[in-house]
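Scroll down for the structure; my scribbles are underneath it.
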Amino acid sequence: MRASHSDTSLKTGGSVEGIALDRAPVAPILNAADAVLGPPLLRGLGGAPALRWRDRELTYEQLRQAVNRAGHALRHQGVTPGARVLLLLADAPALVVAYLGALKVGAVPVTMHVRSTSSELLFAIRESECVLAVVDAANLPRYETIAPLLEAPPRVIAAGDAAGGAGPFEDWIAGYPPELQAERRRPADMAFWIYTSGSTGRPKAAVHAQRDVLGGGRYLRDVLGVRAGDRLFATSKLFFAYALGTCLFGALRLGATTVLCDEPASAAAVHDVLARHAPNVVFSVPGTYRELMRHGDPTAEPFRRVRHYVSAGEKLTPALLADWQARTGRPIVEGYGTTETLHMALTNRPGAIRPGCAGQVAPGAEVLLKDAQERTVTTPGEAGILWVRMASLCERYWNRPLRSEAVFRGPWFVTGDVFTCDAQGWFTHLGRDDDALKLGGQWMDLPELEALLLAVPGVADVAALGVPAPEGGETLGLVIVPEHRGTHRRLARRIRGVFAETRPVPGGPQLRWADELPRTASGKLQRYRLRRRWLERAASAPQADEL
């Protein structure tokens, strides 16, 4: 089944924000930093707020000058076009300024989660061969533990006060001029890397081009009605494509205000941001919405003032959607995008939300469903792997030629996510191709099953996966984290009761117990690690019920 946005020209290579879907260049020269900050400044919005953080506010003109100063500072440190600059920074103005400053001089920003492990940091520095790293002072000790292992350590700039370290980032760039000519780049030139979340294995660096920033405003404007002066906040951090595409590239190109929060997205931190900054649009993930339902108060006025809530990153269950709307008076607009697409490929729309569906094709996207033999699925309701074509699609992973060849097929990206599409063009996500288990000829949506089991009293966390059946073939396995130890037998009865009533599984599901589940920094379940652990334990200790 082939589907595109209502603009039928997209089926034959139409244009998205001036960039042709067949990747014909819009102009011979394009610097991504100027493409982000240029539009609001040309519209006379220099005095409008670009960033809000804690009790601070930066206007577009102040941000422009800070970005230019950062560009000069980076050049002074020997950063040249194409060189990688690693950013281990919390969501604060310094991150935005350093990111855009790197783009301005043609360098390639590579962002990392501030809670990345030492091994993850070591891997990223080695793979990127970054010449400079800008690091929050709080993270300097972690870097120092791996520095002796680096064959070519980068120069390090501390972004905050630290004993024996550099001063704050603002002090570092303060002495440089506020004017800077942008490095001349071509639209297809490498601009920035985004690491995938690692839910299916070792993280991969998606290599994005200069032109990929151009589509950021279209989804915000055409779907969510975002306009200049609106305030946007993402509980997900800017090193994720989800937040980067919406709250940095998209928001700034439209002249909106990006609200930043350098704390983890706890219920208290989110409540504080909503009360202090009153964002119009909030971008989050189902796990955080669940956290806010459990430990926050979504009925409070700050939550009810938000115009639109958006969800992506994992499937939003109908139950969570209904509960959230009942408590806030606002629905959640679910969408689907990937690190590789940068922006949404599928989306619901305010006033047109179908619970349990990822939505219809987003502006600027074209999609196909293909079966295991890569034949296009034409029957409504038949499952297939989603292929996506977008102007913002990256073309490769860094230093992963075989994986790149497998998933980037000309202008198309093979997402590995299983969907169905009905006759009206509504797409339902069944999970990744390893998240959708087929038993007895029927597809079983594993994330949806997990959401069902999380409602069972005493279950703190749960993972569902396909595992070898005792009699051969495959069956359903459950790895359960109990709220209290010593409750295995009682929980097992409750869980088997759920399946007996609603989801019959031949022989019943196999149960294993664990103290915690492996997840990525963004909270996504690493199902492949559990499956590998299950197989190893089955081989070494077949009777064990602990993972």
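The values are calculated or read from the model by the stated rules, or taken from the named source; none is laboratory data. Note that the structure is predicted; figures quoted are calculated from it, not measured. Virtual Cβ from ideal backbone geometry, glycine too; neighbours counted across all protein chains shown.
Some notes on this structure:
- Out of Leu95, Leu51, Leu45, one residue alone is within 20 Å of Pro178 (Cβ to Cβ), of a type outside the set (Gly, Ala, Ser), assigned to a loop (DSSP other than H, G, I, E, B) and in contact with a Ser or Thr (Cβ under 9 Å, 6 or more places away or on another chain). It is Leu45.
- Filter result (of a type in the set (Asp, Glu) and surrounded by 22 or more Cβ atoms within 10 Å (Cβ to Cβ)) within the stretch 315-360: Glu334, Glu340
- The residues of the stretch 401-431 that are in contact with a Pro (Cβ under 8 Å, 6 or more places away or on another chain) and surrounded by fewer than 17 Cβ atoms within 10 Å (Cβ to Cβ), listed by number, are Asp422, Ala423.
Yes/no matrix, rows are residues, columns are (1) more than 15 Å from Thr258 (Cβ to Cβ); (2) under 21 Å from the mean Cα position of the chain (by Cα):
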residue	(1), (2)
Arg52	no, no
Arg56	no, no
Thr59	no, no
Gly78	yes, no
Leu86	yes, yes
Lys104	yes, no
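- Residue within the stretch 325-342 that is on the phi > 0 side of the Ramachandran plot, touching a Gly at 6+ places or on another chain (Cβ under 6 Å) and of a type in the set (A, V, I, L, M) present: yes
- Any hit, the stretch 265-276, residues being crowded, with 17+ Cβ neighbours inside 10 Å, within 30 Å of Ala33 (Cα to Cα) and modelled with pLDDT under 95: yes
- Residues of the stretch 371-389 satisfying the condition of being of a type in the set (Val, Ile, Thr) and part of a loop (DSSP other than H, G, I, E, B): Val377, Thr378, Thr379
- Conditions (1) farther than 24 Å from Thr317 by Cα; (2) of a type in the set (A, V, I, L, M); (3) surrounded by fewer than 22 Cβ atoms within 10 Å (Cβ to Cβ); number of the one not met by Leu260: (3)
- Qualifying positions in the stretch 222-234 - surrounded by fewer than 23 Cβ atoms within 10 Å (Cβ to Cβ) and over 18 Å from Leu41 (Cα atoms): Asp222, Val223, Gly225
- Summed over the stretch 295-338, the residues that are out of contact with any His (no Cβ under 9 Å at 6 or more places or on another chain), touching a residue at least 60 places away in the same chain (Cβ under 8 Å) and hydroxyl-bearing (Ser, Thr, Tyr) give a count of 2.
- Looking at the stretch 243-332, the helices (runs of 4 or more DSSP H) lying wholly inside it that each contain 3 or more residues that are hydrophobic (A, V, I, L, M, F, W, C) sit at 267-277, 318-328.
- Single residue of the stretch 450-494 satisfying the filter (out of contact with any strand residue (DSSP E or B) (no Cβ under 7 Å at 6 or more places or on another chain) and not in a loop (DSSP other than H, G, I, E, B)) that is nearest to Glu314 (Cα to Cα): Ala451
- Residues that are closer than 24 Å to Met190 by Cα and of a type in the set (A, V, I, L, M), drawn from the stretch 115-146: Leu121, Leu122, Ala124, Ile125, Val131, Leu132, Ala133, Val134, Val135
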